[in-house]
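These notes concern the structure reproduced below.
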Amino acid sequence: MIEYQPIPCVQHERLEFSVLRKIPLQIEYRHGLENISQAVMPLDVTTRQGAEWLKFRVIGTEDVTEIRLDSIISFVEQLPA
């Protein structure tokens, strides 16, 4: 496994805030050799095995996924209009 590269504190705080406030995200992240873009509901930000992780549910499904924060390419909060 590649050594974990911490993300900027501001991004980490935005993810934690999205979890606390149940703010959906449009997220793009690396999964193997491909980039995935999904609308998700963040569920938790955790630390374990020397890395930080985001657990989320893909919107419109019951699929729950967990990714390392350093695999995130970008994310945008999907605030209500």
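Computed values, structure above
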{"read-out": "Condition met for L54 (modelled with pLDDT under 95 and of a type in the set (A, V, I, L, M))", "value": "no"}
{"read-out": "R68 surrounded by 11 or more Cβ atoms within 10 Å (Cβ to Cβ), over 21 Å from L79 (Cα atoms) and at pLDDT 95 or above", "value": "yes"}
{"read-out": "Residues that are without any contact (Cβ under 8 Å) to a residue 60 or more places away in the chain and within 10 Å of the chain's Cα centre (by Cα), drawn from the stretch 12-26", "value": "H12, E16, S18, V19, L25, Q26"}
{"read-out": "Test: residue in the stretch 21-32 that is modelled with pLDDT of 95 or more, out of contact with any strand residue (DSSP E or B) (no Cβ under 6 Å at 6 or more places or on another chain), closer than 15 Å to I2 by Cα and not acidic (D, E)", "value": "yes"}
{"read-out": "Sole residue being assigned to a strand (DSSP E or B), touching a residue at least 60 places away in the same chain (Cβ under 8 Å) and either out of contact with any Phe, Trp or Tyr (no Cβ under 7 Å at 6 or more places or on another chain) or on the phi > 0 side of the Ramachandran plot (or both), chosen from F75, F56", "value": "F75"}
{"read-out": "Per-region count, the stretch 16-42, residues in contact with a Phe, Trp or Tyr (Cβ under 9 Å, 6 or more places away or on another chain) and in a loop (DSSP other than H, G, I, E, B)", "value": "1"}
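The values are calculated or read from the model by the stated rules, or taken from the named source; none is laboratory data. This one's a predicted model, so the numbers in the text were calculated from it and none came from an experiment. Methodologically, a virtual Cβ is constructed for each residue, glycine included, from the backbone with ideal geometry; neighbour enumeration extends over all protein chains shown.
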